[in-house]
Amino acid sequence: MCHARIHISDIVNNAREFDLRKAEENRIEASWAWPGEIGTGQIFRVPLKSGLTLGMGDFQLFEDIELCFEPVPMPVVFHFLALSHGDYSLYREDRQTVLELAGPGFGSIAYFREWQGAFRLPCHVPFRGVVIYMEPELLAPLMADQYDHFPRVLADIANGNHEASFFQTFYLTSSVHLAVNEILNCPYTGALKSFYLEAKAMEFTAYALSWMLDKNGGTEKIAPLSSEDIQRVHGVRQFLLNHLETPPSLMELTRRSGTNKNKLNNDFRKVFGTSIFEFLRISRLERARFLLETKQMNVTQVAFEVGYAHQQSFSRAFQQYFGVNPADILR
């Protein structure tokens, strides 16, 4: 698929020229609106008092876009992708993918010393997400009394090893999913807005780090996966996304992937931070929300489209995950 290429400096320069405004204490907030022929919606970047930088996006494109950038040093990056479909990847000049966001309802923690490549964004798909940028040294005090309970590489990065690399995905809980929507619809202005965004950014950071604590547990030593294992898991994920309305059984997935169910589930959890069953459950609900928000179907049609035999079961699962009734999305 061909993507229109836009250099990231075009966004930065336009933001500085048109939308910079001074906040309190000389902090600068920048916003950038997509040109009407490319898309609708905005991207925001807000430096915070704590030293964090908050990025927010709420938009939809009219054509596939590739945002390109030159080699640039990057801090620790926390992604929280509440709504979107398709894959978002960063890759080096040699086109080797080194980071992939797995779709809606996912988050990730990543650190790579330097990036060069592009974000690829699909058209006609609502994008709603939050990104938090944190310099590695700011991680240290947050991990100070629990270093042994975090992944060793992440602890090394916090302690100044900037040559190391780290990447891990995780699922967003319903509360975090709602928090993304809340921060994108901030009801405040001025000093109250700054206070609110600061608190939300810390909430997101705490969630991601606590997930790491729960996952790592301080004792489990996780063996690295081979490139073949990783490729197999990504193939299973894509197969699931392509068959949400008629999901395959675990037995069928193991037969297709050529491995046993325990290894497949364990490898899937290592890469995506969750089980195959949970990934399928959340992906079906995220797909359902997309169909409802784009007004493509009514609730009953959406339930059947994502593989639910009964609308009541679908509505109950949807409300438990998103905190709203699916019929409310259509209003």
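Do we find that residue 194 is out of contact with any Leu (no Cβ under 7 Å at 6 or more places or on another chain), over 23 Å from residue 146 (Cα atoms) and among the hydroxyl-bearing types (Ser, Thr, Tyr) in this structure? Full working, then the answer.
Working: out of contact with any Leu (no Cβ under 7 Å at 6 or more places or on another chain): yes; over 23 Å from residue 146 (Cα atoms): yes; among the hydroxyl-bearing types (Ser, Thr, Tyr): yes.
Answer is yes for this residue.
Can you name the residue in region 43-63 that is under 21 Å from residue 106 (Cα atoms) and at pLDDT below 85 and is also farthest from the chain's Cα centre (by Cα) among such residues?
Among those residues, the one meeting the criterion is 61.
Within region 147-197, work out how many residues are part of a helix (DSSP H, G or I) and of a type in the set (Ser, Thr, Tyr).
5
With the condition kept exactly as written, say whether any residue in region 7-24 is under 26 Å from residue 231 (Cβ atoms), of a type in the set (Gly, Ala, Ser) and modelled with pLDDT under 80. Working first, answer last.
Step one: list which residues in region 7-24 are under 26 Å from residue 231 (Cβ atoms), which gives none.
No: region 7-24 contains no residue that is under 26 Å from residue 231 (Cβ atoms), of a type in the set (Gly, Ala, Ser) and modelled with pLDDT under 80.
Of the residues that sit in region 234-273 and are in contact (Cβ under 8 Å) with a residue 12 or more places away in the chain and under 30 Å from residue 330 (Cα atoms), which one is surrounded by the fewest Cβ atoms within 10 Å (Cβ to Cβ)?
246
Would you confirm whether any residue within region 68-75 is at pLDDT 75 or above and either in contact with a Lys or Arg (Cβ under 7 Å, 6 or more places away or on another chain) or among the hydrophobic types (A, V, I, L, M, F, W, C) (or both)?
Here is the first cut: in region 68-75, the ones at pLDDT 75 or above are 74-75.
In the following step, the residues that additionally are either in contact with a Lys or Arg (Cβ under 7 Å, 6 or more places away or on another chain) or among the hydrophobic types (A, V, I, L, M, F, W, C) (or both) were identified as 74.
Yes, region 68-75 contains at least one residue that is at pLDDT 75 or above and either in contact with a Lys or Arg (Cβ under 7 Å, 6 or more places away or on another chain) or among the hydrophobic types (A, V, I, L, M, F, W, C) (or both).
Since residue 197 meets every condition but one in (1) at pLDDT 90 or above; (2) of a type in the set (A, V, I, L, M, F, W, C); (3) surrounded by fewer than 20 Cβ atoms within 10 Å (Cβ to Cβ); (4) over 16 Å from the mean Cα position of the chain (by Cα), which condition does it not meet?
Status for residue 197: all satisfied but (3).
Give me the residue from region 96-141 that is among the polar types (S, T, N, Q) and either modelled with pLDDT of 85 or more or over 16 Å from the mean Cα position of the chain (by Cα) (or both) and, out of that set, surrounded by the most Cβ atoms within 10 Å (Cβ to Cβ).
If we filter region 96-141 for residues that are among the polar types (S, T, N, Q), which is where we start, we get 96-97, 108, 116.
Among the residues that remain, those that are also either modelled with pLDDT of 85 or more or over 16 Å from the mean Cα position of the chain (by Cα) (or both) are: 96-97, 116.
Numbers: 96: 8, 97: 12, 116: 14.
Ranking the qualifying residues of region 96-141, first place goes to 116.
The values are calculated or read from the model by the stated rules, or taken from the named source; none is laboratory data. The structure presented is a predicted model; accordingly, all values stated were derived computationally and were not measured. Cβ atoms come from the backbone with ideal geometry, glycine included; neighbour counts cover every protein chain shown.
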